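The values are calculated or read from the model by the stated rules, or taken from the named source; none is laboratory data. Because the structure is predicted, anything quoted here is derived from the model rather than measured. Methodologically, a virtual Cβ is constructed for each residue, glycine included, from the backbone with ideal geometry; neighbour enumeration extends over all protein chains shown.
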Amino acid sequence: MNQYKPTRKEALNLLQEFTKNESLIRHALAVESVMRRFARMRGEPEDDWGIIGLVHDLDYEQFPGEHCRKSVEILRERLWPENFIRAVASHGWGICSSVEPATDLEKVLYAVDELTGLVATTALVRPSRSVMDLTAQSVKKKWKDKRFAAGVDRTIIERGAEMLGIELTDLITETIMGMRDAADAIGLKGDLDC
């Protein structure tokens, strides 16, 4: 049985091997931070959840037409644990993967992947350009404007919240809080003096 467990450093190196685009790296760091927050809240292994969040879009830049499928291939070649591989594949359920999120980890990843993008975009149009003073109410105001962050599929976020059995406002709040933990690394510390 495979007992190998990747470290965060190995995961970050792997992400950087396949991803050069800074905004995609910041997105991966945001998802990692949010996954760590949810793991802590649920008493789950924070490193496992964070590492999966970090590599979830591993193949997106180089293989957009094979998103999720190519990640499975890359991670298997490197002997990553099957539960990590399955979790990565599940975040694309209904879009580019047939792997339906089943575990709490998979459901959280599915729900927050798109949401981190909406939160980041909302933060960037604020005077502070920061997640440090962002609220769920501000995100929900932008939510209604379908032209705002038009690439964010809000139905996925709603479906994810439903899978997790939590209110959308709570999901948004916890996502913001998770992103605050990585605000410097993801470029969303902003300027709170403005």
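Residues are listed down the side, and each one gets a yes or a no for (1) within 15 Å of the chain's Cα centre (by Cα); (2) of a type in the set (Lys, Arg); (3) under 30 Å from THR7 (Cβ atoms); (4) at pLDDT 95 or above:
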{"position": "HIS91", "(1), (2), (3), (4)": "yes, no, yes, no"}
{"position": "GLU106", "(1), (2), (3), (4)": "yes, no, yes, yes"}
{"position": "LEU115", "(1), (2), (3), (4)": "yes, no, yes, yes"}
{"position": "ALA136", "(1), (2), (3), (4)": "no, no, no, yes"}
{"position": "LYS142", "(1), (2), (3), (4)": "no, yes, no, no"}
{"position": "LYS146", "(1), (2), (3), (4)": "no, yes, no, no"}
{"position": "ALA149", "(1), (2), (3), (4)": "no, no, no, no"}
{"position": "MET163", "(1), (2), (3), (4)": "no, no, yes, yes"}
Considering each residue of region 93-132, count those that are exposed (fewer than 15 other Cβ atoms within 10 Å of the Cβ) and acidic (Asp, Glu), and give that number. 1
Subset of region 15-43 [surrounded by fewer than 18 Cβ atoms within 10 Å (Cβ to Cβ), over 22 Å from LEU75 (Cα atoms), touching a residue at least 12 places away in the same chain (Cβ under 8 Å) and not hydrophobic (A, V, I, L, M, F, W, C)]: ARG42
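Suppose the filter is modelled with pLDDT of 95 or more, out of contact with any helix residue (DSSP H, G or I) (no Cβ under 9 Å at 6 or more places or on another chain), charged (D, E, K, R) and surrounded by fewer than 19 Cβ atoms within 10 Å (Cβ to Cβ); does GLU10 pass it?
Spelling it out, it is not the case that GLU10 is modelled with pLDDT of 95 or more, out of contact with any helix residue (DSSP H, G or I) (no Cβ under 9 Å at 6 or more places or on another chain), charged (D, E, K, R) and surrounded by fewer than 19 Cβ atoms within 10 Å (Cβ to Cβ).
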Restricting attention to region 58-72, does a residue exist that is touching a Ser or Thr at 6+ places or on another chain (Cβ under 9 Å), part of a loop (DSSP other than H, G, I, E, B) and hydroxyl-bearing (Ser, Thr, Tyr)? yes
When region 79-95 is examined, which residues are found to be in a loop (DSSP other than H, G, I, E, B) and either closer than 17 Å to PRO45 by Cα or touching a helix residue (DSSP H, G or I) at 6+ places or on another chain (Cβ under 7 Å) (or both)? TRP80, PRO81, HIS91
For region 135-194, give me each residue that is assigned to a loop (DSSP other than H, G, I, E, B) and among the aromatic types (Phe, Trp, Tyr). PHE148
Based on this model, can you work out whether THR155 counts as modelled with pLDDT under 95 and of a type in the set (S, T, N, Q)? yes
